[in-house]
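Comments concern the structure below.
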């Protein structure tokens, strides 16, 4: 049965509506959301309300958490002072706008969702802030899925959709202990095939153009389709300016750049 | 050539620490002493040892200390770690152990303990109490090789020295690889990666400690009181 | 034998780069003067604010300042190559020296400079052929950035946004920008050329507070939004506290040689 996975909506209502229409038109009933419903975009209440009305199961993203817990992203998760200042401004604006009901909804979201051997997270099983980039060290990527006891890991956070299959893995080691007087012992660990599927971003795409992205996964066949959906971008850009958010946010969205550039360090884990 | 001594699990035992310092003097050629945590413990008053670590006697190697699992528990219990408290300690050893640990250290020593670091990076080596993931991470000779490789990769080092398990061991990643295929909107690409030649070394605890020569990459596991001049059970 | 060369051309045509090449390949002494230029039919000459001169002086510390009246009255050294830069949008009406804008003559006479040769970018084949841009209704705008020190990653983002049109259609942008480690960069961008130039100055300031040297941003374009540019710049430059935080370890490294690994 096919199911759709969406992520990183970032308060972009036009993009969410277009993606939901696309999913409906494919006849898919099961949708899972990987968090970051709000942040930077101009319609946080409208987007959260629509997700609640559609009863879409969500896990919590780093923006959702920060809006509830207060701004506690570590500084190093912003790649520059400019990105940090803009992030703080967007955070404050979003926190002021969100209704108490919608805040309570974001606060209720779990860190992970699991269905059999499928695991759904925002960043990585370790942290909502960790980026699993498509070219990160393959062993480190596999360790995230393996340690979380899953076969397929769905994540978002990087805003670039991809499917990565890790296979034919083996690690050989030579072990020496003091208690064992004999020569070193050779051991071998074969690694099972695992998959990481990044759902991209509905509201703040960063894959070379402005289309909203999400993925469709068919559990029976194992196939994954990356969908790129055009939407009424100008409607969102107008809403950004009308909301009093910095016009440069609209410019960045219109050109397919993220509001704050992503942090590139895949191994960075926030230590709070 | 410089040689390091790596020690852990003193748990407040000044006599043990003095015995190690004597052992190192007899060995000679050791120029750096790292104490990878667990300076304190619930079983004895740690103040005399902490005093000595801060103010070494003439002729002693100046120790470079990290915090370990026991320090982390005490710092958490006393509010140095935000909301976190010493719940792992409480669950494993009971409330009495939490209280004994607090008794073992004078409040005046807490600022020094709180300033200790999580780890050192020296050359291409990471020196940690547990691992790059957590101070309580118990890496041993039987740990999953995938986990060990991940812990090395996180620090981007070739050698990781760990103390938490209390065991003396060396696990060398000696071969293997992995294939991966990445598909995105731009197309598909294949990546092949080999296992890097890296090593995780358990340094032991208490009387058992480790010598390391970064120039030759030679490791020697020692026990205090081992016959002087013996080279220990070393292997490259 | 000395030569006095007047070089004119529109903004961004490569005058300063060409002049730098001439100075570096000339074996004798060189001198430099930049004239202000004149606004032409709705085209504002951006106030250069001394950026070109500061950059050339950094690259060629021996460069003589031809705007210095004391030097003007002294006899010219042997083999002097005197280069005079004149921003000018439109090609001269007449060929050769007859085409020199008459308005510059009184200033040149006061400095005892009589051009031997006049070359104009886009007209004379001795110069590289670049940028046949149609400049109409350009707005020039500049911002004094003296004492401002940039967060390097923010500078990179800001420059990307600026030259890609986030603050209006930019045809030309150039700047001298300070970084916390004491380096400064000559940043140069022109709509017709691919990519930006970021050239480090030779002179490095000590990492000890704000450097005392020229720093400025000059932009030419259409529908510019100076308020938005200034707002972004304010989010990119470092406060005293952050600057001190970044410079303190650099100062230590300056005073104590690093432990050899």
Degrees separating the helix B:95-104 axis from the principal Cα axis of chain B, which is the longest one: 60 degrees
Taking the alpha-carbon centroid of each part, what is the distance from the stretch B:17-35 to the stretch B:40-107 in angstrom? 22 Å
Which whole-angstrom value gives the distance between the alpha carbon centres of the stretch A:29-69 and the stretch B:119-167? 37 Å
Computed over chain A: longest principal axis from alpha-carbon atoms vs helix A:44-53 long axis, angle to nearest 10 degrees, is 70 degrees
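Would you list C:244, A:165 from fewest to most Cβ contacts within 10 Å? Please list the in-between numbers first.
Details: C:244 15, A:165 18.
Going from sparsest to densest Cβ surroundings: C:244, A:165.
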Report the residue, chosen from A:191, A:132, A:89, that carries the largest GNM mean-square fluctuation when chain A is represented by alpha-carbon nodes joined by springs under 10 Å. A:191
Computed helical MRE - 222 nm, chain B, DSSP H runs ≥ 4 contributing -39500 (n - 2.57), nearest 500: -7500 deg cm²/dmol
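What does DSSP give for chain B in terms of the percent of beta bridges that are antiparallel, rounded to the nearest 5? Don't skip to the end; give the middle numbers.
Values: 29 of 45 bridges.
Counting only bridges with both partners in chain B, antiparallel ones make up about 65 percent.
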Gaussian network model of chain B, Cα springs within a sub-10 Å range: biggest mean-square fluctuation belongs to which of B:73, B:21, B:91? B:91
Grab the Cα-Cα distance for residue A:29 and residue A:1, subtract it from 0.36 nm times how many residues apart they are, and report the gain in nm with one decimal. 9.1 nm
If contacts are Cα pairs under 8 angstrom and at least 6 residues apart, what is the relative contact order of the stretch C:140-254 in percent? 35 percent
Would you calculate, for chain C, the mean residue ellipticity at 222 nm contributed by helices, counting each DSSP H stretch of 4 or more residues as -39,500 (n - 2.57) and dividing by all residues, to the nearest 500? -8000 deg cm²/dmol
Given a Förster distance of 51 Å, report the FRET efficiency between residue A:55 and residue C:26 from their Cβ-Cβ distance, rounded to the nearest 0.05. 0.10
Note the angle between two axes, namely the Cα long axis of helix C:15-25 and the longest principal axis of the Cα atoms of chain C, as a number of degrees from 0 to 90, rounded to the nearest 10. 90 degrees
Let a ≥ b ≥ c be the square roots of the eigenvalues of the Cα gyration tensor of chain A; is it rounded (a/c under 1.5), or, if not, prolate (a/b larger than b/c) or oblate? prolate
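For C:212, C:151, which order do you get if you count the other beta carbons within 10 Å of each Cβ and list the fewest first? Write down the numbers at each step before the final one.
Values: C:212 8, C:151 24.
Result, fewest neighbours first: C:212, C:151.
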So if I restrict to the alpha-carbon atoms in the stretch C:140-254, what is the Rg, and what is Dmax, the biggest pairwise distance, in Å? 14.3, 46
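Classify the stretch C:74-231 as rounded, prolate or oblate from the Cα gyration tensor: take a ≥ b ≥ c as the square roots of its eigenvalues, call it rounded if a/c is under 1.5, otherwise prolate when a/b beats b/c and oblate if not.
Details: a/c = 2.28, a/b = 1.41, b/c = 1.62.
In terms of gyration-tensor shape, oblate.
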Return the whole-Å distance between the Cα centroid of the stretch A:95-149 and the Cα centroid of the stretch C:176-223. 41 Å
Of all beta bridges DSSP finds with both residues in chain C, what is the antiparallel percent, to the nearest 5? 55 percent
Considering only DSSP beta bridges where both residues belong to the protein assembly as shown, give the percentage that are antiparallel (nearest 5). 65 percent
Mind checking which of B:16, B:128, B:66 has the largest fluctuation in a GNM of chain B, springs on alpha carbons under 10 Å? B:16
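With a ≥ b ≥ c taken as the square roots of the eigenvalues of the C-alpha gyration tensor of the protein assembly as shown, please select rounded if a/c is under 1.5 and otherwise prolate if a/b is larger than b/c or oblate if it is not?
Values: a/c = 2.36, a/b = 1.48, b/c = 1.60.
The shape class here is oblate.
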Rotationally averaged projected area of chain B (alpha carbon convex hull; nm²): 15.6 nm²
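Under the definition of Cα pairs under 8 Å and six or more residues apart, what whole-number percent is the relative contact order of the stretch B:4-235? Don't skip to the end; give the middle numbers.
Working: 458 pairs, mean separation 45.7, N = 232.
20 percent.
Values in this text are rule-based calculations from the coordinates and carry no lab data. This one's a predicted model, so the numbers in the text were calculated from it and none came from an experiment. Cβ atoms come from the backbone with ideal geometry, glycine included; neighbour counts cover every protein chain shown.
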